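Asks: Structure below; questions to follow.
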């Protein structure tokens, strides 16, 4: 029977995770556990939004006159799927589509007043969640974490 080092048993469930801890995908999956839990308890439970709907609202709030096509590319969501998401948010009265004044074939998206109010509420909730999730990291560690994750995400087309 092979010997077991104490450090090998520090992973969840007291199992040896050493073959996994060097893998980015595994570390991201482990980091997503508390993130997902907080998202479900706060954003999904309080605002009835899934992650895609949340991201879509935040992008529309930050990008005046954004088009569905640009959102589709930015979010890596196929056009038909995005159309369904937009429809759900439009039915809830959170955003609306408007025809472009210069090119009637183009639609622009904008938040409605209830959508703007929800985004303000979301920002407050997210700030609290992020503070909770990252409270054990120094400001420098937070900056480094976000810089490294952005660097990895920049290669998502690979």
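Asks: Can you pull out every residue in segment 20-45 that is assigned to a helix (DSSP H, G or I), free of Cβ contacts under 8 Å to residues at least 24 places away in the same chain and in contact with a helix residue (DSSP H, G or I) (Cβ under 8 Å, 6 or more places away or on another chain)?
Replies: Step one: list which residues in segment 20-45 are assigned to a helix (DSSP H, G or I), which gives 24-45.
Narrowing the set further to residues that are free of Cβ contacts under 8 Å to residues at least 24 places away in the same chain leaves 25-33, 36-37, 40-41, 44-45.
If the condition is that a residue be assigned to a helix (DSSP H, G or I), free of Cβ contacts under 8 Å to residues at least 24 places away in the same chain and in contact with a helix residue (DSSP H, G or I) (Cβ under 8 Å, 6 or more places away or on another chain), then 30 is the only one that fits.
Asks: When you look at residue 59, is it farther than 17 Å from residue 133 by Cβ, surrounded by 11 or more Cβ atoms within 10 Å (Cβ to Cβ) and over 17 Å from the mean Cα position of the chain (by Cα), yes or no?
Replies: Spelling it out, it is not the case that residue 59 is farther than 17 Å from residue 133 by Cβ, surrounded by 11 or more Cβ atoms within 10 Å (Cβ to Cβ) and over 17 Å from the mean Cα position of the chain (by Cα).
Asks: Ok, one more. Quick one: which of 139, 113 is under 25 Å from residue 48 (Cα atoms), surrounded by fewer than 14 Cβ atoms within 10 Å (Cβ to Cβ), more than 20 Å from the chain's Cα centre (by Cα) and without any contact (Cβ under 8 Å) to a residue 12 or more places away in the chain?
Replies: 113
Asks: Quick one: how many residues across segment 85-108 are closer than 23 Å to residue 39 by Cβ and part of a strand (DSSP E or B)?
Replies: Here the count works out to 1.
Asks: On to the next question. Can you name the number of the only condition in (1) touching a residue at least 40 places away in the same chain (Cβ under 8 Å); (2) out of contact with any helix residue (DSSP H, G or I) (no Cβ under 6 Å at 6 or more places or on another chain); (3) under 20 Å from residue 51 (Cα atoms) that residue 88 fails?
Replies: (1)
Asks: Which count do you get for residues in segment 76-85 that are modelled with pLDDT under 95 and in contact with a helix residue (DSSP H, G or I) (Cβ under 6 Å, 6 or more places away or on another chain)?
Replies: 1
Asks: Filter segment 68-84 down to the residues that are assigned to a helix (DSSP H, G or I) and farther than 17 Å from residue 108 by Cβ and list them by number.
Replies: Within segment 68-84, 80, 81, 84 qualify.
Asks: Hey, can you tell me all the residues within segment 69-127 that are closer than 16 Å to residue 44 by Cα and touching a strand residue (DSSP E or B) at 6+ places or on another chain (Cβ under 9 Å)?
Replies: 89, 94, 115, 118, 119
The values are calculated or read from the model by the stated rules, or taken from the named source; none is laboratory data. This one's a predicted model, so the numbers in the text were calculated from it and none came from an experiment. Positions of Cβ are backbone-derived with ideal geometry, glycine not excepted, and every protein chain shown enters the neighbour counts.
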